[in-house]
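The values are calculated or read from the model by the stated rules, or taken from the named source; none is laboratory data. This one's a predicted model, so the numbers in the text were calculated from it and none came from an experiment. When we count neighbours, we look across all protein chains shown, and the Cβ atoms used for this are built from the backbone with ideal geometry, even at glycine.
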Amino acid sequence: MFKEKLNKKLATALAEYGVETPTSIQSKCLSKINSGTDVIVIAPINAGKSTLVLIAVIHKLKEAFEDAPRALILVSGSEEALAMKSQFEFLSEGTTLRAECAHDEGKINDQNEAIYSGTDIVIGTPKRVLEIYFNKSLNLNKIKLFVIDDAETMIKKAWQAQIDRLGLSLPKCQHLVFGENYDEKIEKLIHKFIVAPRIIEA
């Protein structure tokens, strides 16, 4: 049961969302993620990886704090960013946590303003997140959790350079990488900013 490993508000939100029993990969990963270890999560589609991303972030951050984001979640497209934010809003109900999107189909000036005004979590595509960072609207100095979702699609879209730049710009933090297969391409994607991660497979 989630309630044994998560704070009460999050466990309640998950139950209301219809998720009371963790999937195999969620069960394997929760304690390792909660411990602060860098983790690479390998599991097939529909294994519950995206929900696990949000569980990890909400559990770690708990409540809103100041204006600089404390979690950066990289996703593979605008649709994925908006879907994750929608799920976040449901699962974070009862907390004061805030999330903003940074994706290629939105207006960058609006995203700049929203992020600069204050948020706990940024969910976005590597290209747009880096653009906002270069605009000096995104402060990365307080990041505690850096998440790369759907690593294979990131590689297919040739976003390695943007991910490198972001990863190397962060302070010391926890890293979570999610994918379907662990191979040399994923190793190359992360090797500059992640050392000796724990690899967990479904």
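General remarks:
- Qualifying residues in the range 4-45 (those that are loosely packed, with under 12 Cβ neighbours inside 10 Å and in a helix (DSSP H, G or I)) - the one modelled with the lowest pLDDT: 4
- Considered as a group, the residues in the range 57-100 that are β-branched (Val, Ile, Thr) and more than 14 Å from the chain's Cα centre (by Cα) include one that is surrounded by the most Cβ atoms within 10 Å (Cβ to Cβ), and that residue is 95.
- Residue in the range 133-149 that is more than 20 Å from residue 50 (Cα to Cα), assigned to a helix (DSSP H, G or I), in contact with a Pro (Cβ under 7 Å, 6 or more places away or on another chain) and in contact (Cβ under 8 Å) with a residue 12 or more places away in the chain present: no
- Residue within the range 87-101 that is assigned to a loop (DSSP other than H, G, I, E, B) and of a type in the set (D, E, K, R) present: yes
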